[in-house]
Each structure stands twice: as C-alpha cells, then as structure tokens.
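All of the numbers you see were taken from the coordinates with simple rules; none came from a lab. Computed from a predicted model, the values in this text were never measured in an experiment. Cβ atoms come from the backbone with ideal geometry, glycine included; neighbour counts cover every protein chain shown.
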Amino acid sequence: MYEELEKRLGYTFKNRELLKQALTHVSYAKDRGTRHYETLEFLGDALLNFLIVDLLVEAFPDKREGALASLKAYLISEDFFNELARDLDLVPYILISRGKKNVSIIGDVFEALWAAIYLDSGKDTNLVRDLFRNIFKEKIIEVIKRRKIKRDYKTMLQEITQKRWKERPEYKVVSVEGPEHAKVFTVEGSIKGYRALGRGRSKKEAEQEAAKILVRELTSE
C-alpha cells in the first residue's frame, strides 16, 4: 500500500504504523479508534524549520539575516508545503472521514510525515536531512534563484501566527497624513505583544509593510 510512497521518499519504514499515523486525520482516527497525526505534526513543524534554515544558511551564506528570514517565511508556509507534498504525490494517501483535503491538512500531513521518518529512523537527524535534501534541495534552490518566492507578507504572517498561536494578527490605522492626492498611511500590526508600524501610499501597502516587519521578527527568533 505504501511502497510507492516509500520509493519516492527513498526510505522504507520499519514501523508502518508510524507512517499510517502521519497520514491519518483526526476525523478518520476518531471513527476507527486509531491514532492521528497532530502530535507528529507538532514535531515535524520544528524539524522542517531546522531542515530549511540549515539548507538556506549553507546554500546562501552571504545573504543577510532579513533576507533569509523572508525566504524562510515562504518556504515553511502551507502553500509551499502543499507544493512539496504534491511533488511526493502524498495527497491520495491521506486518510480523512469528513471534510476536504485542504491546504492546511495537506501541509500538516507533510510535516507529520517527516516527524514519522525521524522517529522511525531512531531520531537520526542526518539521515532525515539527507533524505529531505535529496528530494527537495534542487527545487528549493531553483524557486529562490528564479525569484518565485511569494511576497504576500500578510498571508505569511497569518500562517505563522495561526500555526504558533491559532490566532490572526490585527491591523489598525494609526494615522493618515498628506494631501488627498498623496496620502501616507501608517498602520500598526500586532499579535501576542508583538507590534510593528508600516507606512505606505495605501492602507494595504502599509499593512504589508507592518506584516513584513513582524514576519522577520518572528522568523528570526
């Protein structure tokens, strides 16, 4: 059942139950009394953060921290994890009883899958890193070099805060200055005690600037 997936991964599970757990949504697990992926997702989130940062620092040693933080923000996003999951043809393996296999669920399963490999390998970080790089390094470098990184910082920030705190950031207009034809908006973005001011020729532009600052702050921690 899982042979094709294992072939694409370049890894054969010793404990197939771990792999099944990584692919099992909570709705399916509750219906059948089995384990679901949420705990593995939590571990996989941290693991993929490390794998991607490790790759970025090695591949682009001369890039400044802010630039690396922006790249990381996209590369750990649900959108990009969906791309990688689809490259593995992972979606057909997801077990779910109710709802759709949406972007969030696919991203969660992708994270859980790498946590399952990590645990099944006896927590062999080097093995997991080599597997991840063998499959995705070329794609990640190409995406960066061809400037295919999405710069929607509001979306990036929301994905980060949803994953970290299950909350969304708030934005409020602090001031509007200048004549009607050349207004400058100042917007404050905030989440969990983090605050940043963004300025722009429109409310949306100012919100993006505030979100950009918060993304860099949160991803550089």
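Key figures
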| item | result |
| --- | --- |
| Computed helical MRE - 222 nm, the chain, DSSP H runs ≥ 4 contributing -39500 (n - 2.57), nearest 500 | -19000 deg cm²/dmol |
| Length added when fully stretched, Glu205-Glu167, from 0.36 nm per residue minus Cα-Cα | 11.5 nm |
| Trp114, Trp165 arranged by Cβ crowding within 10 Å, fewest neighbours leading | Trp165, Trp114 |
| Alpha-carbon Rg with Dmax, taken over the range 12-54, Å | 12.2, 39 |
| Cα Rg, Dmax, the chain, angstrom units | 19.6, 68 |
| Gap separating the Cα centres of the range 147-221 and the range 114-145, nearest whole Å | 32 |
| Between 0 and 90°, nearest 10: helix 203-219 axis offset from the chain longest Cα axis | 50 |
| All-pairs alpha carbon distance profile, the range 139-221, 10 Å steps from 0, percent | 18, 42, 27, 12, 1 |
| Calculated FRET value between Glu17 and Phe42, using beta carbons and R₀ = 22 Å, to 0.05 | 0.75 |
| Gyration tensor (alpha-carbon) shape descriptor, the range 48-166, a/c threshold 1.5 | oblate |
| Relative contact order for the chain, counting Cα pairs under 8 Å that sit 6 or more residues apart, in percent | 20 |
| Residue-by-residue Karplus 3J(HN,Hα) for the range 25-38, coefficients 6.51, -1.76, 1.60, Hz, glycine and proline x | 6, 4, 5, 5, 5, 5, 5, 10, x, 10, 8, 10, 7, 4 |
